[in-house]
1. Kindly flag which residue pairs out of 69/104; 25/104; 32/75; 25/58; 25/89 have an alpha-carbon separation exceeding 26 Å in this structure.
2. If you scale each eigenvalue of the Cα gyration tensor by 5 and take the root, what three semi-axes come out for the chain, rounded to whole angstrom and sorted largest first?
3. Once amide H atoms are built 1.01 Å from N in the peptide plane, which residues 5 or more positions from residue 64, or in another chain, come under 5 Å H to H?
4. Which aspartates and glutamates does residue 45 reach when only Cα atoms under 18 Å apart count, and residues fewer than 8 places away in its own chain are ignored?
5. Through the Karplus equation 6.51 cos²θ - 1.76 cosθ + 1.60, θ set to phi - 60°, convert the phi angles of segment 49-66 into ³J(HN,Hα) values in whole Hz; use x for Gly and Pro.
6. Averaging sequence separations of C-alpha pairs under 8 Å and six or more residues apart, then dividing by the length of segment 2-106, give the relative contact order as a whole percent.
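Nothing in this text is a laboratory measurement; each read-out follows from the coordinates by a stated rule. Note that this is a predicted model, so its numbers are computed, not measured.
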Amino acid sequence: MSKNKVADSALLSNVDLTPTQIATKLSQQTGKKISCIKVNDTLEKLGLQQKLKSTGGKWQWQLTGGGKKYGRVYKVESSYSNWSGNQVKWGEEIIELLKQNLLKVTV
């Protein structure tokens, strides 16, 4: 099983886009204002991530099995606050998928 995870991860390159960065790119490419909230909601509707309550009571996004094809979870720490936790980041491939799905909904 771990071999498959390594193989899947090896297929991903440049998995470093946050939902905010994806929203900016999509807005530029489509000419429509797309928010990071819309990006996260669409990723959830596509079954690529789910919102779960952490032990501290805060909500966090978690990758689903399908989402692991496009993204990774990183442990991050804030440089300006006392926060640390997991952050989902996505590869460039997710932009086309989101664009197709967002345009279906908004057109």
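1. Pairs exceeding the cut-off: 32/75; 25/58.
2. Gyration-tensor ellipsoid for the chain: 23, 19, 14 Å.
3. The list, which skips near neighbours in sequence, is 49, 50.
4. Partners within reach: 93, 96.
5. 8, 9, 9, 10, 7, 7, 5, x, x, 8, 7, 9, 7, 10, 5, 8, x, x
6. Reported as a whole number, the value is 29 percent.
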